[in-house]
1. Would you check if Leu230 is out of contact with any Gly (no Cβ under 6 Å at 6 or more places or on another chain) and either modelled with pLDDT of 75 or more or surrounded by 14 or more Cβ atoms within 10 Å (Cβ to Cβ) (or both)?
2. Looking at segment 249-258, is at least one residue modelled with pLDDT of 75 or more and among the acidic types (Asp, Glu)?
3. Read through the list (1) loosely packed, with under 13 Cβ neighbours inside 10 Å; (2) more than 29 Å from Leu177 (Cβ to Cβ), then give the number of the only condition that Trp101 fails.
4. Just wondering, is there one or more residues in segment 236-246 that are modelled with pLDDT under 85, more than 28 Å from the chain's Cα centre (by Cα) and of a type in the set (Phe, Trp, Tyr)?
5. Select from segment 116-127 the residues that are under 14 Å from Val24 (Cα atoms) and of a type outside the set (Val, Ile, Thr) and list them in ascending order.
6. Out of the residues in segment 287-311 that are surrounded by 14 or more Cβ atoms within 10 Å (Cβ to Cβ) and small (Gly, Ala, Ser), which is modelled with the highest pLDDT?
7. Which is open to solvent by 60 Å² or more (accessible area, probe 1.4 Å), free of Cβ contacts under 8 Å to residues at least 12 places away in the same chain, in a helix (DSSP H, G or I) and more than 30 Å from Pro77 (Cα to Cα), of Val176, Val196?
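The values are calculated or read from the model by the stated rules, or taken from the named source; none is laboratory data. Not measured: the values here are computed from a predicted model. All Cβ positions, even for glycine, are placed from backbone atoms using ideal geometry, and neighbour counts span all protein chains on display. Only protein heavy atoms, including side chains, enter the accessible area calculation; ligands, DNA and RNA are left aside. Shrake-Rupley method; radii C 1.70, N 1.55, O 1.52, S 1.80 Å.
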Amino acid sequence: MDFTAALPTFVITLREGVEAAIVVGIVLACLKKAKAGHLNPWVYAGVAVGLVASALVGVLFSWGIQALSATYPQYAPVIEPLLEAVFGVIAIAMLSWMLIWMTQQAKYLKSEVEGAVTSAIQQGKGSGWGVFTLILIAVLREGFETVLFIVAKFQQGLIPALGAIAGIAVAAGIGVLLFKWGIKINIRLFFQVMGVLLLLIVAGLVVSSLSHFDESIKTLAQMDRKSADLCFYYERFAKDHSCILGPIVWNMSSVLPDDQFPGIVLKALIGYREKIYLVQSVAYLLFMFTIGGLYFNSLAVPAGASVQHEKSASRK
C-alpha cells in the first residue's frame, strides 16, 4: 500500500493540530491557575465535539460528491475532477490565509486566549459553555482546513485520512510533552519549518487544481461537441498539449517520474510534477511570490512588537 498520499495531510494536520493543542494547553493552564479545574471536562468535550464535527463535514462533502456523480453518471468523468479542482481552490485560499494570519497572531496567542478564558470564567453559570465554545472553535477552525484538503484529494481514497489521523495523534503527543511533562520544544522553529512545508504543499495544490480543471474541461469537450471550443489550446500548436494550460514547459517524465520513488515523495511534499504547462508554471511562481512573500514577511516582525502587545493586553 502506497502511503505517500498521507504525507501532505500529515504535515497539515500536524501543524494545525499543534496550534489547537497549544490553545487547549493554555486554557487548561489558565483554569488550573484560576483554581477552576471543574471546567476541565468542558475543554475535553470541546475537543471531542470539534474532532467529530470536522470528520462529519468531510463525510458529508464526500457523500455529496458521490451522490452528484450517481445522479448524473454520464457526467461523472467531468464532475469528479471539476469538484476536486473547486475544493482545491477553496483549500488553497483557506490554508494560505491561515498560514499568514496564524503566523502573525501566534505572537499574541497566549495573551488573547488567557483573556478569553478569564472572560468565560467571569460569566459564572455560563462559564462552562464559554470554555467549551472557545475550544470548539479552535478545533473546528483547524479541522475544517484539513477536511477541505482531504476532500480535494478524494480520488486517493482513505490514505489522506490516515495521514490526518496520524497528524492528530502526533500533535496530541506534542501537546502532552509541552503542558503535561513540561518538556521544552522550540515551537517557533517548529512552526517556521511546518510553515515552509505547508507553503510548498499548497503551491503543489495550485498546480494539481489547474490540472483537474484542464482534465474536466477536456473531458467535457470530448463528450459534447458544443463545448469543443472550450479547449482553446489545440493539438496543432504542440505535440504534447493541454486543453487550457498552454504549451508544456517542463517534462521530466523520463528522468524523474512523479509516480515512482523519489518523484512520488517530492510530489506529495513539495508539489513536484513531471509535466508542467505554461499556465501552471505562471500560477506556481505567482503563488510563491505573493503568498510566500507575505508569509516570510510576517516572520520578520520585530520581536519587540509581541512584547508590547503582551504589555498592552495585560493592562486591559
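1. The answer is yes for Leu230.
2. Yes, because at least one residue in segment 249-258 is modelled with pLDDT of 75 or more and among the acidic types (Asp, Glu).
3. (2)
4. Yes: segment 236-246 contains one or more residues that are modelled with pLDDT under 85, more than 28 Å from the chain's Cα centre (by Cα) and of a type in the set (Phe, Trp, Tyr).
5. Matches in segment 116-127: Ala116 only.
6. Among those residues, the one meeting the criterion is Gly292.
7. Val176
Here is a yes/no grid of residues against (1) open to solvent by 30 Å² or more (accessible area, probe 1.4 Å); (2) touching a strand residue (DSSP E or B) at 6+ places or on another chain (Cβ under 8 Å); (3) of a type in the set (D, E, K, R):
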residue: Thr4; (1), (2), (3): no, no, no
residue: Val18; (1), (2), (3): no, no, no
residue: Ala29; (1), (2), (3): yes, no, no
residue: Lys32; (1), (2), (3): yes, no, yes
residue: Asn40; (1), (2), (3): yes, no, no
residue: Gly50; (1), (2), (3): no, no, no
residue: Gly88; (1), (2), (3): no, no, no
residue: Ala91; (1), (2), (3): no, no, no
residue: Ser96; (1), (2), (3): no, no, no
